[in-house]
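So the structure is just underneath, and the comments pick up after that.
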Amino acid sequence: MFTPIKYVSPKEALSLIESNQRIYVHGSAQTPTFLLKHLAQEAYRLQNVEVVSISVYGDFHIDGPEFREHFKINSLFVSASIREAVKNGHADYVPVFLSEIPELFRKDFFAIDVAIVQVSEPDQHGYCSLGVSVDVARSAVNTARILIAQVNPQVPRTHGDGMIHASRFNAMVYADEPLHEALFGEKVGDNERRIGAYIAEMIEDRSTLQMGIGAIPDAVLSCLTNHKDLGVHTEMCSDGIINLVENDVVNNKYKKIHPNKTVSSFALGTKKLYNYVNDNPAFAFLDVDYVNDPHVIRRNDRMVSINSAIEVDLTGQVGADSIGVYQFSGVGGQMDFMRGAALSTGGKPIIAIPSRTAKGIARLVPTLKPGAGVVTTRAHMHYVVTEYGVAYLFGKNLRQRAKALINIAHPDDREMLERNCSERFQKF
């Protein structure tokens, strides 16, 4: 019989953290904001604590300049919560494929001393769930020497790799608070809907989908209501999937691996989504080193990977994590799925991008901004989609690529792009 949990105060739990340690903080919707707030109050006794995380939501509490000597933030993905800290030099960023982060945790030079995770209440057998953010948290829990849990009754109990027995935690703190939410659907405009319609036409029945984060993936999902027998094997899922599952558009019947289940490593959206995946056996939340492994991804035929970018140059280089030298996000899993889809039989790796920003700045450009990182290389590129159409780049030379991309650029940018290409390629 499972022994009832003894909860402790945040101060008692966090007393397990010592100076010069490396700690992992759970991310996305599961960011343990309650414990982070109390961790900030422990700064007076701590020095040189390295804080590792991927995307975090809400107030991070320990990212201000006053904490610089106490906490060294070394982020594996730059989300809005710490973007300014990275910009101002109060935090650092590690470029790494999402699929390879678990391997970092297993190596001595990046070993985790303490993992702080937010989990569901223990079930009748004593098992807690990592909820909607299994991703790299599973590996952090597996490798950390000390585990601290923020136990929250609002965390969904999800099926897959996220189960942890309560006896494994060194300390458990009870905190009832809503999970962090993201409302991507509210950002969908006319351009995103046009892009979604183009991509929907490219998706065959019985395809398996991966959707990145943001308005465009949600716009694509909204255009798939007349498709049949789709599958999902994705890094993340959002609210847009619910309608497709309920209407049997997504049923995963023809997937080669994990048939009949939607596979994801994390979910990010609204409370409706979190309630939907709660104890739902049709969803499997798995460790990201498996979900994002290109060799696993390619095993599903007709794998369609849909990701966005900040800008794409006319040779096909994709800048997706930085605006020049300004670090905006992270490498994440884009390349994992772009490569996996390219290797899949009948697969389609797609970069979907509006032709201009909301401020009218071109996103199809002659060259990436100075200092910008290349997330997806031009050798990996197949499809680019804007609201003006589809460009297929695979097997095309630089001149042909430029012409194809100019054809889907904003009409007011095409003369500038053509002029640049004429100078670059002489007889363009």
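Under 5 Å between amide hydrogens, which residues at least 5 positions from K255 or on another chain qualify, with H placed 1.01 Å from N in the peptide plane?
Counting only residues 5 or more places away or on other chains, the set is N260.
Starting with the fewest neighbours, write out D92, D287 ranked by other beta-carbon atoms found within 10 Å of each beta-carbon.
Listed from fewest to most nearby Cβ atoms, that is D92, D287.
Under a point-charge model restricted to the Cβ atoms of Lys and Arg (+1) and Asp and Glu (-1), what is the dipole moment magnitude of the range 154-245 relative to its Cα centre, in debye to the nearest 20?
Charge dipole of the range 154-245: 180 debye, to the nearest 20.
Kindly identify the range 273-344 as rounded, prolate or oblate by the Cα gyration tensor criterion: order the square roots of the eigenvalues as a ≥ b ≥ c, call it rounded if a/c is under 1.5, otherwise compare a/b with b/c, prolate if a/b is larger, else oblate.
Since a/c reaches 1.5 but b/c is at least a/b, the shape of the range 273-344 is classed as oblate.
Are there trypsin sites (Lys or Arg not before Pro) in the range 273-317 that DSSP puts in a loop and that have at most 11 other Cβ atoms within 10 Å, and which ones?
none
At 222 nm, what value in deg cm²/dmol follows for the chain if DSSP H runs of at least 4 each add -39500 (n - 2.57) and the sum is divided by all its residues, to the nearest 500?
Counting only the DSSP helices, I get -6500 deg cm²/dmol.
What's the Kirkwood radius of the range 12-174 in Å, using all Cα pairs?
Kirkwood radius, the range 12-174: 15.6 Å.
In the chain, what % of DSSP beta bridges are antiparallel (nearest 5)?
Counting DSSP beta bridges with both partners in the chain, the antiparallel share is about 25 percent.
Taking the alpha carbon gyration tensor of the range 185-425, what are the square roots of 5 times its eigenvalues, largest first, to the nearest whole Å?
31, 18, 17
Quote the FRET efficiency, to the nearest 0.05, computed for E423 versus N275 with a Förster distance R0 of 41 Å and r equal to the Cβ-Cβ distance.
Once rounded, the FRET efficiency stands at 0.15.
Explain nothing, just the number: relative contact order of the range 303-428, from Cα pairs under 8 Å at least 6 residues apart, as a whole percent.
28
With the cut-off at 24 Å, tell me which of the pairs K187/K272; K187/K359; K72/K272; K261/K348; K187/K271; K369/K403 have Cα atoms farther apart than that.
K72/K272
If the reach is capped at under 18 angstrom between alpha carbons, list the aspartates and glutamates near K253, excluding any in the same chain fewer than eight residues apart.
Partners found: E204, D205, D229, D301.
Can you tell me the dipole magnitude for the chain around its Cα centre, using point charges on the Cβ only (Lys, Arg +1; Asp, Glu -1), in Debye to the nearest 20?
1160
Modelled label-to-label distance, A80 and R168, 7 Å Cα→beta-carbon offset: nm?
About 3.2 nm, to one decimal.
Can you tell me the FRET efficiency between K359 and E204 if r is taken as the Cβ-Cβ distance and R0 is 35 Å, rounded to the nearest 0.05?
Between K359 and E204 the formula returns 0.45.
For the range 321-412, max minus min Cα coordinate along each principal axis, in Å, sorted largest first?
In descending order, the Cα extents are 39, 29, 22 Å.
Collect residues whose amide H, placed 1.01 Å from N in the peptide plane, falls under 5 Å from the amide H of V365; neighbours closer than 5 in sequence don't count.
V312, D313, L314
Which parts of the range 138-175 would a label at V94 reach, counting a residue when its backbone N lies under 14 Å from a point 7 Å out along Cα-to-Cβ?
Of the residues in the range 138-175, 139-141, 143-144 have backbone N under 14 Å from the label point off V94.
Provide, for q = 0.22 Å⁻¹, the log10 of I(q)/I(0) from a solvent-free Debye sum over equal Cα point scatterers in the range 45-121.
The calculated log intensity ratios at q = 0.22 Å⁻¹ are -1.13.
Within the P(r) computed for the chain, what percentage of the Cα pairs occupies the region above 26 Å?
Cα-Cα pairs in the chain separated by more than 26 Å: 55 percent.
Can you pull the one-decimal nm distance between simple spin-label points at E69 and K187, each 7 Å off the Cα toward Cβ?
3.8
As a test, work out the antiparallel percent of DSSP beta bridges whose residues both lie in the range 12-174, rounded to the nearest 5.
10
How high is the relative contact order of the chain, in percent, counting Cα pairs under 8 Å that sit 6 or more residues apart?
That works out to 13 percent.
Just grab the label-to-label distance for D59 and Y44, each label 7 Å out from Cα along the Cβ direction, in nm (one decimal).
According to this spin-label approximation, the distance is 1.9 nm.
For the range 335-402, run through the trypsin sites (Lys or Arg not before Pro) and keep only the ones in DSSP coil with at most 10 other Cβ atoms within 10 Å of their Cβ.
Taking the range 335-402 and a limit of 10 other Cβ atoms within 10 Å, the loop trypsin sites (Lys or Arg not before Pro) found are K359.
Give me the percent of DSSP beta bridges within the range 246-368 that run antiparallel, rounded to the nearest 5.
Antiparallel: roughly 35 percent of the beta bridges in the range 246-368.
Where is the GNM fluctuation largest for the chain (alpha-carbon springs, 10 angstrom cutoff): H125, H382, H295?
Of H125, H382, H295, the most mobile in the Gaussian network model is H125.
Most mobile of A352, A404, A137 per a Gaussian network model of the chain (Cα springs, under 10 Å)?
A404
Pull out the extension gain between N407 and S19, defined as 0.36 nm times the separation in residues minus the alpha carbon to alpha carbon distance; nm, one decimal.
134.0 nm is the gain from fully extending N407 to S19.
Mind checking the range 163-212 for trypsin sites (Lys or Arg not before Pro) that DSSP puts in a loop (not H, G, I, E or B) and that have at most 13 other Cβ atoms within 10 Å?
none
If R₀ is 30 angstrom, what is the calculated FRET efficiency for the pair D248 and L343, using the beta carbon separation as r and rounding to 0.05?
Here the calculated transfer efficiency is 0.55.
Given charges of +1 on the Cβ of Lys and Arg and -1 on the Cβ of Asp and Glu, with all other atoms neutral, how large is the dipole of the range 263-328 about its Cα centre, in debye to the nearest 20?
Here the range 263-328 has a charge dipole of around 300 debye.
None of the figures in this text is laboratory data; all of them are computed from the coordinates on show. Everything numeric here is computed off the predicted structure, so don't read it as measured data. Heads up, the Cβs are rebuilt from the backbone with ideal geometry, glycines too, and the neighbour counts pull from every protein chain shown.
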